[in-house]
């Protein structure tokens with residue numbers, strides 16, 4: 001079928017081309033180019049490993065690890081996303097106009113991940129600087145071992161929120177189940193209201209920041225005490 005041409009504006013139908021064809025073309029795409037991906041049909045690793053300021057609009061549902069390792073690119077998914085969307089993202093923006101499965105934004109270092117619907121378990125697990133805004137709720141063990149960045153939850157949060165959290169900031173508008181180990185409610189100071197307001201605006205949401213509560217680390221798990229070695 002030949003290689004895909006690399007133009008400033010390109011439409012790719014994944015019923016006619018493979019994901020490998022698409023990703024190879026995206027990796028060679030010039031900065032500022034715009035791509036439209038049709039009929040993704042739940043295939044995996046679509047638009048993974050992008051490292052240039054391009055725009056990719058995916059019209060439909062995607063499978064595992066869509067937009068994983070994203071750097072600089074803007075990726076929009078007009079559907080739901082499978083496990084690990086935007087996993088290990090470094091920068092750029094990924095927007096899911098639907099819901100996401102487990103481990104959305106896992107280990108991500110930077111950029112912005114927006115999920116209009118709900119996110120399943122372990123959203124933001126081990127996040128390392130990414131900002132994540134979820135328009136709905138999140139499942140259990142979200143922000144587990146979250147190190148840096150912010151997770152905004154406009155709906156409810158399942159049990160185990162922020163278990164073993166480090167310095168990430170969690171903002172929740174709805175109800176929270178049982179908090180994870182070392183995660184506690186914290187004061188919402190002016191700088192947190194300002195950060196939250198900015199993230200909601202970037203996600204296109206108009207919620208009042210005053211309706212949210214902040215959660216973070218109690219900082220009781222930072223140090224290993226040898227006298228308690230047999231308790232770990």
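So here's what we get for this one:
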read-out: Counted residues, region 24-49 - those being touching a strand residue (DSSP E or B) at 6+ places or on another chain (Cβ under 9 Å), under 18 Å from residue 94 (Cβ atoms) and not in a loop (DSSP other than H, G, I, E, B); value: 5
read-out: Answer from 180, 149, 135, 155 - the residue that is under 23 Å from residue 49 (Cα atoms) and at pLDDT 95 or above; value: 149
read-out: Filter result (under 11 Å from residue 68 (Cβ atoms) and part of a loop (DSSP other than H, G, I, E, B)) within region 83-103; value: 83, 84, 85, 86, 87, 88, 89, 90, 103
read-out: Strands (runs of 3 or more DSSP E) wholly inside region 143-197 that include at least 3 residues being touching a residue at least 24 places away in the same chain (Cβ under 8 Å) and under 20 Å from the mean Cα position of the chain (by Cα); value: 148-153, 169-172
read-out: Residue 74 buried (at least 17 other Cβ atoms within 10 Å of the Cβ) and in contact with a strand residue (DSSP E or B) (Cβ under 7 Å, 6 or more places away or on another chain); value: yes
read-out: Condition met for residue 53 (surrounded by fewer than 17 Cβ atoms within 10 Å (Cβ to Cβ), at pLDDT 95 or above and in contact with a strand residue (DSSP E or B) (Cβ under 9 Å, 6 or more places away or on another chain)); value: yes
read-out: Qualifying residue in region 174-183 (condition: within 24 Å of residue 97 (Cα to Cα), surrounded by 24 or more Cβ atoms within 10 Å (Cβ to Cβ) and not assigned by TED's automatic domain parsing to the domain that holds residue 84); value: no
read-out: Conditions (1) touching a strand residue (DSSP E or B) at 6+ places or on another chain (Cβ under 7 Å); (2) modelled with pLDDT of 95 or more; (3) under 25 Å from residue 110 (Cβ atoms); number of the one not met by residue 167; value: (2)
read-out: From the options 212, 144, residue that is modelled with pLDDT of 95 or more and closer than 16 Å to residue 105 by Cβ; value: 144
read-out: Selection count, region 50-72, where residues are in a loop (DSSP other than H, G, I, E, B) and in contact with a helix residue (DSSP H, G or I) (Cβ under 9 Å, 6 or more places away or on another chain); value: 4
read-out: Residue that is surrounded by the fewest Cβ atoms within 10 Å (Cβ to Cβ) [pool: residues in region 151-164 that are more than 19 Å from residue 117 (Cβ to Cβ) and touching a strand residue (DSSP E or B) at 6+ places or on another chain (Cβ under 7 Å)]; value: 163
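The values are calculated or read from the model by the stated rules, or taken from the named source; none is laboratory data. Keep in mind that what you see is a predicted model, and the values were worked out from it rather than measured. When we count neighbours, we look across all protein chains shown, and the Cβ atoms used for this are built from the backbone with ideal geometry, even at glycine.
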